[in-house]
Amino acid sequence: MSRERLYLFDTTLRDGAQTNGVDFTLADKLTIARMLDDLGVDYIEAGYPGANPTDTNFFAQKRPMHARVTAFGMTRRPGRSTSNDPGLAAILAAEADAICFVAKSWDYHVRVALETTEEENLASIRDSVRAAKAKGREVLLDCEHFFDGYKANPAYALACAKAAYDEGARWVVLCDTNGGTLPHEVEKIVGEVCRQIPGDHIGIHAHNDTEQAVANSFAALRAGARQIQGTLNGLGERCGNANLVSIIPTLKLKPQYAEKFEIGVSDEALGHIARVSHGLDDILNRAADRTAPYVGESAFATKAGIHASAILKDPATYEHVAPERVGNKRKLLISDQSGRSNLLAELDRIGFAVDKDDPRLSRLLDEVKEREAIGYAYEAADASFELLARRLLGKVPRYFDVEKFDVSVEQRINAKGERVTVSMAVVKVKVGDDLLISAAEGNGPVNALDVALRKDLGKYQSYITGLELTDYRVRILNAGTEAVTRVLIESADESGDHWTTIGVSSNIIDASFQALMDSIVYKLLKSGAPA
Ligand SMILES: [Zn+2]
């Protein structure tokens, strides 16, 4: 049986760019557009030409892609003609394959927000679609507040959708703009719309205000819609848009959808989706969501020993899909609850062949338990675990020794008469026979220590140039009678790999120092630096 084509429309660069705290540069937009194009989405909505210089620049020239590059904007303003509307002119002038107009479809909004008549709003839809088609563009119409509008006045909401379809719009997109519609309502309303307009011309644009944007997208699909709009990692205003990083694997890996629908994302591209998701986090300078379905670090992590031993026998026992399909990996957590089977599996994953009766295994398990009792958490620090295991079971070269370090924090009045706090670190490192001394200032003592430590590692310097600290987390724990500080540092390098290291001490600088050292040593090890 041949599968029906389902289209994916990404709006990370338009709706996603409206997120609080997100401000894409043109370079960011081009990078993300390339990531999306490689992934295989059908449409990339890249912005609102005329609304800001970045978006206008994006559309100033042709951006050759497999996906259809789409410009977003409003239909002509009420009371104006299409030839006398500068906003519309900017959209029509954009170098884009498709134009997605947004129009009101809720009579209440037409009256109150637009302050015009229902008929003038319909005329504006028709005129705008016609003008864009005359320019040779594929046309989409986003029906704003469609579901709320349909509940209030179904005939008028439908009339807006029909106006665009009858005028030749390729897609009519039903938007749950406020994000409050529930899946059973979406399924019912989309089903009713599909009796008036063929489903292969209907799209769904869901927002996540009840955390059901993904469910709403699938509800619309079941009811007949054949285009799904969403964003990478569910980026978007308020609680975000439908998350394509969750939708795509479900479409590809769940037989009830995979057998029925074909999408533009190949199996190979699906295998990189975790990297695409983390790539967006990198651009946004955010830590990745550990619990994100399919792609999160915890998505295939198992803690309890009994589950872990079953997973070793057959992964399908506790996994709904194979992690490799989405570019993720199985992770058996090394924690005080875990048994030898977790430990063995984790060692196997990092490439250690150890016999299950090897006495060193008990020593490693004891060491992990002892350390976790004083506040270490190796399940959150894969790289520190690997170093611990390698030190006990094999070898980690002693690349360098930190003979001493000195960190100072000074608050004073500067030359401009402002009160400033300055942190300084001096580090004395021995690399082979060379004694190297580095000093650095930082925006805090840990930052100063980090900068000084990585300033000069002599012959190893070239191995750590791509090393970057991407996240720093501190927790105060009550372990036993006194409070201790746990520091987790997430690092990344030029290859896009991420790893986490840990330090625990009653002193925050000490704890940070341990985690920094582990991160550097791990990077040297992974880069194959000679001992
Ligand atoms: Zn939206």
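The values are calculated or read from the model by the stated rules, or taken from the named source; none is laboratory data. Just so you know, these numbers come straight off a predicted model, no measurement behind them. Here the Cβ positions follow ideal geometry from the backbone for every residue, glycine too, while neighbour counts run over all protein chains shown. The protein model used for the area step is the full one, side chains on, heavy atoms only, and it has no ligands, DNA or RNA in it. Shrake-Rupley method; radii C 1.70, N 1.55, O 1.52, S 1.80 Å.
Of the numbered conditions (1) part of a strand (DSSP E or B); (2) among the polar types (S, T, N, Q); (3) closer than 24 Å to residue 518 by Cβ, residue 384 fails exactly one; give the number of that condition.
(1)
Which one is nearest to the ligand (Cβ to nearest atom) among residues in the range 248-268 that are of a type in the set (D, E, K, R) and in contact with an Asp or Glu (Cβ under 8 Å, 6 or more places away or on another chain)? Spell out the reasoning first.
Taking the range 248-268 first, the residues of a type in the set (D, E, K, R) are 252, 254, 259-260, 262, 267-268.
Imposing the further condition that a residue be in contact with an Asp or Glu (Cβ under 8 Å, 6 or more places away or on another chain) reduces the set to 252, 260, 262.
On the way: 252: 24, 260: 27, 262: 26 Å.
Among those that are of a type in the set (D, E, K, R) and in contact with an Asp or Glu (Cβ under 8 Å, 6 or more places away or on another chain), it is 252.
Looking at 40, 47 in this structure, which one is in contact with a helix residue (DSSP H, G or I) (Cβ under 6 Å, 6 or more places away or on another chain) and within 16 Å of the ligand (Cβ to nearest atom)? Outline the logic, then answer.
Values: 40 fails: within 16 Å of the ligand (Cβ to nearest atom).
It is 47.
Is it the case that the range 180-188 has a residue that's of a type in the set (Asp, Glu) and more than 17 Å from residue 218 (Cα to Cα)? Outline the logic, then answer.
If we filter the range 180-188 for residues that are of a type in the set (Asp, Glu), which is where we start, we get 185, 187.
Checking which are more than 17 Å from residue 218 (Cα to Cα) leaves us with none.
So far as the range 180-188 goes, no, none of its residues is of a type in the set (Asp, Glu) and more than 17 Å from residue 218 (Cα to Cα).
Would you check if residue 279 is away from the ligand (no atom under 16 Å from the Cβ), open to solvent by 10 Å² or more (accessible area, probe 1.4 Å) and modelled with pLDDT of 95 or more?
Details: away from the ligand (no atom under 16 Å from the Cβ): yes; open to solvent by 10 Å² or more (accessible area, probe 1.4 Å): yes; modelled with pLDDT of 95 or more: no.
In short, no.
Is it the case that residue 204 is surrounded by 24 or more Cβ atoms within 10 Å (Cβ to Cβ), within 22 Å of residue 35 (Cα to Cα) and either within 16 Å of the ligand (Cβ to nearest atom) or at pLDDT below 95 (or both)?
Values: surrounded by 24 or more Cβ atoms within 10 Å (Cβ to Cβ): yes; within 22 Å of residue 35 (Cα to Cα): no; either within 16 Å of the ligand (Cβ to nearest atom) or at pLDDT below 95 (or both): yes.
The answer is no for residue 204.
In the range 236-293, how many residues are of a type in the set (Asp, Glu) and part of a loop (DSSP other than H, G, I, E, B)?
Taking the range 236-293 and keeping what is of a type in the set (Asp, Glu), we get 237, 259, 262, 267-268, 281-282, 289.
Then drop every residue that is not part of a loop (DSSP other than H, G, I, E, B), which leaves 237, 259, 289.
Qualifying residue count, the range 236-293: 3.
Any residue in the range 100-112 that is open to solvent by 50 Å² or more (accessible area, probe 1.4 Å), of a type outside the set (Phe, Trp, Tyr) and modelled with pLDDT under 95?
Restricting attention to the range 100-112, the residues satisfying the condition of being open to solvent by 50 Å² or more (accessible area, probe 1.4 Å) are 108, 111-112.
Those left that are additionally of a type outside the set (Phe, Trp, Tyr): 111-112.
Then drop every residue that is not modelled with pLDDT under 95, which leaves 111-112.
The answer is yes, given that some residue of the range 100-112 is open to solvent by 50 Å² or more (accessible area, probe 1.4 Å), of a type outside the set (Phe, Trp, Tyr) and modelled with pLDDT under 95.
Against the definition (within 36 Å of the chain's Cα centre (by Cα), surrounded by 24 or more Cβ atoms within 10 Å (Cβ to Cβ), of a type in the set (A, V, I, L, M) and away from the ligand (no atom under 16 Å from the Cβ)), how does residue 139 come out, yes or no? Break it down into steps so the answer makes sense when it comes.
Numbers: within 36 Å of the chain's Cα centre (by Cα): yes; surrounded by 24 or more Cβ atoms within 10 Å (Cβ to Cβ): no; of a type in the set (A, V, I, L, M): yes; away from the ligand (no atom under 16 Å from the Cβ): yes.
Against the criterion (within 36 Å of the chain's Cα centre (by Cα), surrounded by 24 or more Cβ atoms within 10 Å (Cβ to Cβ), of a type in the set (A, V, I, L, M) and away from the ligand (no atom under 16 Å from the Cβ)), residue 139 does not qualify.
Please indicate, with yes or no, whether at least one residue in the range 150-169 is within 16 Å of the ligand (Cβ to nearest atom) and either on the phi > 0 side of the Ramachandran plot or buried (at least 18 other Cβ atoms within 10 Å of the Cβ) (or both). Talk me through it step by step, then tell me what you get.
Of all residues in the range 150-169, those within 16 Å of the ligand (Cβ to nearest atom) come to none.
Taking every residue of the range 150-169 in turn, none turns out to be within 16 Å of the ligand (Cβ to nearest atom) and either on the phi > 0 side of the Ramachandran plot or buried (at least 18 other Cβ atoms within 10 Å of the Cβ) (or both).
Suppose the filter is within 29 Å of residue 505 (Cα to Cα) and either buried (at least 20 other Cβ atoms within 10 Å of the Cβ) or modelled with pLDDT under 85 (or both); does residue 367 pass it? Break it down stepwise before answering.
On the way: within 29 Å of residue 505 (Cα to Cα): yes; either buried (at least 20 other Cβ atoms within 10 Å of the Cβ) or modelled with pLDDT under 85 (or both): no.
No: the conditions fail for residue 367.
Across the range 219-237, what is the number of residues that are buried (at least 20 other Cβ atoms within 10 Å of the Cβ) and within 16 Å of the ligand (Cβ to nearest atom)?
Here the count works out to 12.
Does any residue of the range 238-259 turn out to be in contact with a His (Cβ under 8 Å, 6 or more places away or on another chain) and either open to solvent by 20 Å² or more (accessible area, probe 1.4 Å) or modelled with pLDDT under 95 (or both)? Show your work before the answer.
Of the residues in the range 238-259, the ones in contact with a His (Cβ under 8 Å, 6 or more places away or on another chain) are 238-242.
Restricting the remaining residues to those that are either open to solvent by 20 Å² or more (accessible area, probe 1.4 Å) or modelled with pLDDT under 95 (or both) gives 238-239.
Yes, some residue in the range 238-259 is in contact with a His (Cβ under 8 Å, 6 or more places away or on another chain) and either open to solvent by 20 Å² or more (accessible area, probe 1.4 Å) or modelled with pLDDT under 95 (or both).
Contact list please: Cβ distance under 6 Å, first residue in the range 208-226 and more than 19 Å from residue 5 (Cα to Cα), second residue open to solvent by 40 Å² or more (accessible area, probe 1.4 Å) and not in a helix (DSSP H, G or I), pairs at least six apart or on different chains.
Hits for this filter: 208/239; 209/180; 209/239.
Against the definition (open to solvent by less than 10 Å² (accessible area, probe 1.4 Å), within 16 Å of the ligand (Cβ to nearest atom) and under 18 Å from the mean Cα position of the chain (by Cα)), how does residue 216 come out, yes or no? Before the answer, list the steps.
Numbers: open to solvent by less than 10 Å² (accessible area, probe 1.4 Å): yes; within 16 Å of the ligand (Cβ to nearest atom): yes; under 18 Å from the mean Cα position of the chain (by Cα): no.
Judged against the criteria, residue 216 is not a match.
What number goes with the only condition from (1) assigned to a helix (DSSP H, G or I); (2) within 21 Å of residue 182 (Cα to Cα); (3) more than 15 Å from the ligand (Cβ to nearest atom) that residue 211 does not pass?
Condition (1) is where residue 211 drops out.
Inspect the range 474-484 for any residue being open to solvent by less than 20 Å² (accessible area, probe 1.4 Å), within 26 Å of residue 286 (Cα to Cα) and either in a helix (DSSP H, G or I) or not β-branched (Val, Ile, Thr) (or both) and give the result as yes or no.
No, because not a single residue in the range 474-484 is open to solvent by less than 20 Å² (accessible area, probe 1.4 Å), within 26 Å of residue 286 (Cα to Cα) and either in a helix (DSSP H, G or I) or not β-branched (Val, Ile, Thr) (or both).
Would it be correct to say that residue 79 is within 16 Å of the ligand (Cβ to nearest atom) and either open to solvent by 60 Å² or more (accessible area, probe 1.4 Å) or under 22 Å from residue 208 (Cβ atoms) (or both)? Write out each step before concluding.
Values: within 16 Å of the ligand (Cβ to nearest atom): no; either open to solvent by 60 Å² or more (accessible area, probe 1.4 Å) or under 22 Å from residue 208 (Cβ atoms) (or both): yes.
Taking the combined requirement at face value, the residue does not satisfy it.
If you scan the range 439-463, which residues turn out to be open to solvent by less than 30 Å² (accessible area, probe 1.4 Å) and either in a helix (DSSP H, G or I) or modelled with pLDDT of 95 or more (or both)?
Of everything in the range 439-463, those that are open to solvent by less than 30 Å² (accessible area, probe 1.4 Å) and either in a helix (DSSP H, G or I) or modelled with pLDDT of 95 or more (or both) turn out to be 440, 446, 448, 449, 450, 452, 453, 460.
Step by step: first the residues of the range 282-311, then only those that are surrounded by fewer than 21 Cβ atoms within 10 Å (Cβ to Cβ) and of a type in the set (Val, Ile, Thr), then the one that is modelled with the lowest pLDDT. Which residue is that?
306
Which one of 17, 60, 27 is within 15 Å of the ligand (Cβ to nearest atom) and open to solvent by 10 Å² or more (accessible area, probe 1.4 Å)? Lay out the reasoning, then the answer.
Numbers: 60 fails: within 15 Å of the ligand (Cβ to nearest atom); 27 fails: within 15 Å of the ligand (Cβ to nearest atom).
The conditions single out 17.
Which residue out of 181, 177 is β-branched (Val, Ile, Thr), open to solvent by 20 Å² or more (accessible area, probe 1.4 Å) and either modelled with pLDDT under 95 or within 16 Å of the ligand (Cβ to nearest atom) (or both)?
On the way: 181 fails: open to solvent by 20 Å² or more (accessible area, probe 1.4 Å).
Unique residue meeting the criteria: 177.
At negative phi, under 18 Å from the mean Cα position of the chain (by Cα) and away from the ligand (no atom under 16 Å from the Cβ): is that true of residue 245 in this structure? Before the answer, list the steps.
Working: at negative phi: yes; under 18 Å from the mean Cα position of the chain (by Cα): yes; away from the ligand (no atom under 16 Å from the Cβ): yes.
When the stated conditions are applied, residue 245 passes them.
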